[in-house]
Amino acid sequence: MSNVKMSQMTNDDDDQQTCTASLSADILTECGIAIKRQHGVQSSLDYIHSWSSYWQLKLSPTKCTVLHVNSQRKTKDYLTVDAVYNICGSTLPVVSTVIDLGVSYDNHYSFRPHINSIVSKASLRAKLILKCFVIRDSGILCKAFCAFVRPALEFSSEICNPYFKMDIKKIENVQRHFTNAIFPQLPHHERLTRVRLPTLEMRRIMADLTTHYKLLNSQIDIDSTNFLIASTNLHTTENSHKLTKNHILNIRDANMFHNRVINFWNKLPDTVTTSISSFKWRLLSFMVNIGFEHFSVN
């Protein structure tokens with residue numbers, strides 16, 4: 001019995017050493033790939049610097065930063081090497097949040113920094129309107145809200161559309177608090193009906209569908225055939241322009257523009273999708289008549 005146990009222990013030790021050696025080899029391989037990528041990035045930066053110097057186009061290193069994008073669930077500590085990149089003789093700082101074309105996101109590719117920024121900016125503008133305007137006419141105040149506050153909340157909504165309930169509620173609260181200052185005695189849905197304002201979530205869906213419509217009708221110079229595929233199921237009485245749903249791997253991919261818009265688009269009737277000049281008006285009329293709660297069910 002002791003010989004059997006010693007044999008099993010020896011085999012277990014060999015398997016453990018083999019697994020450890022295999023794991024160490026995988027780690028070394030991935031670290032080697034990461035180091036090669038770092039050298040490749042630095043070589044690209046050197047080439048950009050030489051190209052700009054040759055054509056006498058001065059770069060601004062103070063506006064350049066480094067952002068390491070990684071997953072929250074699949075972070076590997078041994079790959080987080082402190083890579084140092086240089087351009088024009090200046091070391092680029094490593095940041096956790098960047099602003100690209102007015103939209104900010106962090107190293108996990110989350111748009112929550114952008115949402116917090118626009119909510120703060122829009123809330124300040126809404127408070128200034130209520131403070132500066134002595135008159136309390138709902139029509140005038142709502143026009144000021146639509147002109148100065150709502151554009152800040154809807155900037156690039158096709159890109160940074162929130163999908164967490166806390167972020168959706170945070171944006172919606174800006175309009176909720178503003179209308180509450182006008183009609184403090186009424187519930188939220190009655191206030192919106194009184195001032196004829198849709199919810200901000202409904203407006204983001206309408207913006208997605210409008211952009212989607214432009215893509216399908218080649219009104220935007222983007223080849224959408226790679227990610228918008230027409231459905232082969234023609235046995236339908238509602239929408240003859242339905243699209244095929246893509247395979248989704250995670251919640252972030254499911255809420256990207258070309259994936260999240262498919263469910264809403266497939267629910268539109270042909271009376272909305274076939275009209276070019278009045279698409280926005282027909283879309284708004286359809287969503288108001290059918291009810292946003294029913295329309296938003298996936």
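Taking only alpha carbon atoms, the range 55-201 gives an Rg to Rh ratio of 1.13, where Rh is the Kirkwood radius. Computed extension gain for Ile135 through Gln38, at 0.36 nm per residue and net of the alpha carbon distance, reaches 28.9 nm. Applying a DSSP loop filter and a limit of 16 other Cβ atoms within 10 Å to the trypsin sites (Lys or Arg not before Pro) in the range 82-157 leaves Arg136.
Of the trypsin sites (Lys or Arg not before Pro) found in the range 172-280, those that fall in a DSSP loop while having at most 15 other beta-carbon atoms within 10 Å are Arg196, Lys245. Our coupling estimate for the range 217-223, obtained by passing each phi through the Karplus curve with A = 6.51, B = -1.76, C = 1.60 and θ = phi - 60°, is 9, 6, 8, 10, 7, 9, 7 Hz, Gly and Pro reported as x.
Seen from Phe164, the other residues with C-beta closer than 12 Å to its C-beta sum to a net charge of +4, counting Lys and Arg as +1 and Asp and Glu as -1. Between Val66 and Arg252, the simple spin-label model (points 7 angstrom out along Cα→Cβ) gives 2.1 nm.
Working note: Debye formula, equal point scatterers on the alpha-carbon atoms of the range 112-295, no solvent; log10 I(q)/I(0) at q = 0.14, 0.18 Å⁻¹ is -0.87, -1.26.
Once the Cα-Cα distance is subtracted from the 0.36 nm per residue extended length, the His189 to Val103 segment shows a gain of 27.9 nm.
No value in this document is a laboratory result; all are computed from the given coordinates. Every value quoted in this text rests on a predicted model; they were computed, and no experiment measured them. In this analysis, Cβ positions are derived from the backbone assuming ideal geometry, glycine residues included, and neighbour counts consider all displayed protein chains.
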